[in-house]
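Colleague: Take this structure, written in structure tokens, and hold onto it; I'll ask about it next.
The numbers here are math on the coordinates, done by the rules we state, and not lab data. This is a predicted model, so every value here is computed, not measured. Here the Cβ is made from the backbone with ideal geometry for all residues, glycine too, and neighbour counts use every protein chain on show.
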Amino acid sequence: MKIGIVCYPTFGGSGVVATEFGMALADKGHEVHFITYNQPVRLDFFTHNLHFHEVLLEEYPLFQYQPYELALSSKMVEIVEKHQLEVLHVHYAIPHAYAAFMAKKMLLEKGIHIKVVTTLHGTDITLVGSHPTYKTAVEFSINNSDVVTSVSNSLKEDTLRLFNITNDIKVIYNFIDTEKYDKANQTECKRAGIALPEERIVTHVSNFRPVKRTEDVIKVFNEIQKEIPSKLLMVGDGVDRSKTELLVKELGIEDKVLFLGNSNEVAKILCYSDLFLLPSKTESFGLAALEAMAASTAVISTNTGGLPEVNIHGKTGYLSTIGDISDMAKNAITILKDDETLDTFKHNAKEHTKLFSLENILPVYEDIYQSCYVKN
């Protein structure tokens, strides 16, 4: 099939999922067209079935803020018409679902029928989308999509609670390409370059927004390193990075914490890890935790949003209430204190990711696309 994918081209979870999902579709022989304002950060063009179409914004003195939705809708119309796309899959409700609806209406006037699949990822619903400024448009866009999916049961429940939704919402979990993490573990994992043999390696990956509570990561790790020799890898960048680095200095643990910035090599980094910390205020799914688990890493996380659907308490790691530094540190030490316990949690984490494998999730979306095509 010929599929258009619209996403944010960033290191955030929705952009990563959409990009890797599109590459997986291309590997299976589908023709995939990405439509967004920059090339997605993880997009790999080593296949002839992948295409990228940039949405350009013209500078006009009249506009204080450039109307991206109009440019995106127009670009969708152009690409659907030019490449005869059969379905548009938009990730994130704002502004993609709304722009897709407008594109669909413009195409209809040309006698072209295009189906729109909208995937809800989290903050497009729970934080931004529910704001009175956007709520009406988001609600309209969801109800007028041909198919709506949500990455967790928790997010579906939030959507139904926050909006007046008349459309059906299908829960389809985010996926993980387990083979990529297997390969990293087998060929590229050189722990000696990061830590001493007796040290444990703890990791955090995020965009360092306030919702990720990166200072809590440092506080939890500080308690861990008092009991267990260990190093902390902080992967990512964002508005909270400077104050997170400042806290590391205040605690005097600069020699134990490495800030690695944004990276396209997350699988390689995670293969070093024994434990992953995710003390977020909210997570609609917890893709970062799932990636860590695919690399055989135990997880300490909060119990918010979709995280309990990913991180199984007492099996793949532990769940704590938001801000409970003491409990998270205690649970982390329980996992890390001896090799046998750690190995059990790491094994369980890896096994649990099979539920979210690409082989399980991709056919579900292919069936959805096919149903849209048949309806046309």
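Colleague: Describe numerically, in nm with one decimal, the distance between label points set 7 Å from Cα along Cα→Cβ at E157 and at K105.
Modeller: So the label points at E157 and K105 sit 3.5 nm apart.
Colleague: Expressed as an acute angle from 0 to 90° and rounded to the nearest 10, what is the orientation of the C-alpha long axis of helix 214-227 relative to the principal long axis of the chain?
Modeller: The answer is roughly 20 degrees.
Colleague: With the Cα gyration tensor of region 155-290 giving a ≥ b ≥ c as the square roots of its eigenvalues, does the rule (a/c under 1.5 for rounded; else a/b larger than b/c for prolate; else oblate) give rounded, prolate or oblate? Please report the intermediate quantities before stating the final value.
Modeller: Working: a/c = 2.58, a/b = 1.48, b/c = 1.75.
Since a/c reaches 1.5 but b/c is at least a/b, the shape of region 155-290 is classed as oblate.
Colleague: Over what distance in Å are the Cα centres of region 229-249 and region 251-277 separated?
Modeller: So the two Cα centres are separated by 9 Å.
Colleague: Next up: Measure nothing fancy, just the Cα-based angle from helix 325-336's long axis to the longest principal axis of the chain, in degrees from 0 to 90, nearest 10.
Modeller: Roughly 70 degrees, rounded to the nearest 10.
Colleague: Here's a follow-up. Which FRET efficiency value, to the nearest 0.05, is calculated for K190 and K135 with the Förster distance at 41 angstrom and r the Cβ-Cβ distance? Mind showing how you got there, number by number?
Modeller: Numbers: r = 49 Å, r/R0 = 1.21.
Calculated transfer efficiency: 0.25.
Colleague: Could I ask something else about it? Roughly speaking, what is the stretch gain from Q39 to K337, that is 0.36 nm per residue apart minus the C-alpha to C-alpha distance, in nm to one decimal? Show your work: numbers first, answer last.
Modeller: Numbers: separation 298, 0.36 × 298 = 107.28 nm, distance 4.33 nm.
Contour length minus Cα-Cα distance gives 102.9 nm.
Colleague: Another question, then. Evaluate the chain: find the radius of gyration of its Cα atoms, find its Kirkwood radius, and give the ratio Rg to Rh. Don't jump to the answer; show the numbers that get you there.
Modeller: On the way: Rg = 21.3 Å, Rh = 21.5 Å.
Rounded to two decimals, Rg over Rh is 0.99.
Colleague: When Rg is the radius of gyration of the Cα atoms in region 157-228 and Rh is its Kirkwood radius, what does Rg/Rh come to? Present the calculation step by step, with values, prior to reporting the outcome.
Modeller: Values: Rg = 19.5 Å, Rh = 17.0 Å.
Taking Rg over the Kirkwood Rh, I get 1.15.
Colleague: Measure off 7 Å from each Cα along the Cα-to-Cβ vector at T344 and D182, then give the distance between these two points in nanometres to one decimal.
Modeller: Rounded to a tenth, the inter-label distance reads 2.6 nm.
Colleague: A further question on this structure: Return one number: the angle in degrees, 0 to 90 and rounded to the nearest 10, between the long axis of the Cα atoms of helix 68-83 and the longest principal axis of the Cα atoms of the chain.
Modeller: Between helix and principal axis, roughly 70 degrees.
Colleague: Gain in length, N167 to N264, computed as 0.36 nm per residue apart minus the alpha-carbon separation, to one decimal in nm? Working shown, then result.
Modeller: Details: separation 97, 0.36 × 97 = 34.92 nm, distance 3.62 nm.
Gain on extension, N167 to N264, equals 31.3 nm.
Colleague: Take the alpha carbon atoms of region 322-337, find their center, do the same for region 140-170, and report the distance between the two centers in whole angstrom.
Modeller: 35 Å
Colleague: Also, quick follow-up: As a test of the formula, what do you get for the chain when each DSSP H run with n ≥ 4 contributes -39,500 (n - 2.57) and the sum is divided by the residue count, at 222 nm and rounded to the nearest 500 deg cm²/dmol? Walk me through the numbers on the way to the answer.
Modeller: Details: 15 runs with 162 residues, N = 376.
That comes out to -13000 deg cm²/dmol.
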